[in-house]
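Notes for the one structure printed next.
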Amino acid sequence: MLASDAERARTVEQLSLHCSRGRLSLDEFERRVGEAYEARTVEQLDALVSDVPREPRVPARRQSGVGPPGLWPFSDRIELDASAARIHKGVLENLAPGLHRFGYELQASSDTELVFERRGRPAWVPFVAIFAFPIGLAALAVHESQRIVITLDARDGAPTVMTVYGRAPRVVRKVFAELRLG
């Protein structure tokens, strides 16, 4: 049976839930989200969540859809009545500067995908460095990166679908949720 957009969105919600609970790594989450939006059949969608526990239901998102404070995985699907080229230009002109203020740099850009990434130390590093001195100084070598991927899917006669996923602080997730809510 062919999959609908609503079924794809539900699968992405399930994947997001399992990623936030630590069952999927961010790389695995990103791969599966990409496959979910490319899936043609319900069976393909079911295969993406077959190895994770069945949840009774995916919790409904709060209206803002931003979740708790801190760095968390997220995904949003936004339908926009504009060409992919116009949306791409809008992202570079309007969203990229804001992402830059939060430390995200544009790493890759094509007509259908933009990848932003930031690298930094986790919040726990200074505490370990101070409280476990001098051995804790080794923690200063720890860095992590967060990635935000924006894909554009334009189809003739249909709105362009902008899919955004990655790991970001609440304020960044809120910007994308507000785009989705209109």
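The values are calculated or read from the model by the stated rules, or taken from the named source; none is laboratory data. Note that the structure is a prediction, hence the values are computed from the model and not measured. Backbone-built Cβ (ideal geometry, glycine too); neighbour counts: all protein chains shown. When the accessible area is computed, the model is the full protein with side chains, heavy atoms only, and any ligands, DNA or RNA have been set aside. Shrake-Rupley method; radii C 1.70, N 1.55, O 1.52, S 1.80 Å.
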Which residues make up the longest stretch of the chain clear of chymotrypsin sites (Phe, Trp or Tyr not before Pro) that lie in a DSSP loop with no more than 16 other Cβ atoms within 10 Å, not counting the sites? 1-101
Residues of the range 139-182: accessible area per residue at 1.4 Å, in Å²? 46
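Might you report the magnitude of the Cβ-based charge dipole of the chain about its Cα centre, with Lys and Arg at +1 and Asp and Glu at -1, to the nearest 20 debye? Spell out each step's value before the answer.
Numbers: 25 positive and 24 negative charges, 162 e Å.
The dipole magnitude comes to about 780 debye.
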Could you compute how fast the range 73-165 diffuses translationally, taking Rh as the Kirkwood radius over C-alpha pairs and applying Stokes-Einstein at 10 °C with viscosity 1.306 mPa s? Give it in µm² per second. 104
Hey, in the GNM for the chain with a 10 angstrom Cα cutoff, which one of 112, 11, 151 fluctuates hardest? 112
Quick one, can you get me the convex hull of the C-alpha atoms of the chain expressed as volume per residue in Å³? 133
Given Cβ charges of +1 for Lys and Arg and -1 for Asp and Glu, the option among 49, 123, 67 whose Cα lies farthest towards the positive end of the dipole of the chain is 123
Which residue, 78, 87, 135, has the most motion in a Gaussian network model of the chain that connects Cα atoms within less than 10 Å? 135
Which of these, 36, 47, 84, has the largest mean-square fluctuation under a Gaussian network model of the chain (Cα springs below 10 Å)? 47
Carbon plus sulfur, as percent of the 1.4 Å-probe accessible area of the range 1-155, comes to 55
How tilted is helix 26-38 with respect to the longest principal axis of the chain? Cα atoms for both, answer in degrees (0 to 90, nearest 10). 10
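Quick one: order 18, 88, 143 from most to least accessible surface, probe 1.4 Å. Walk me through the intermediate numbers first.
Numbers: 18 5, 88 30, 143 80 Å².
Ranked list, largest accessible area first: 143, 88, 18.
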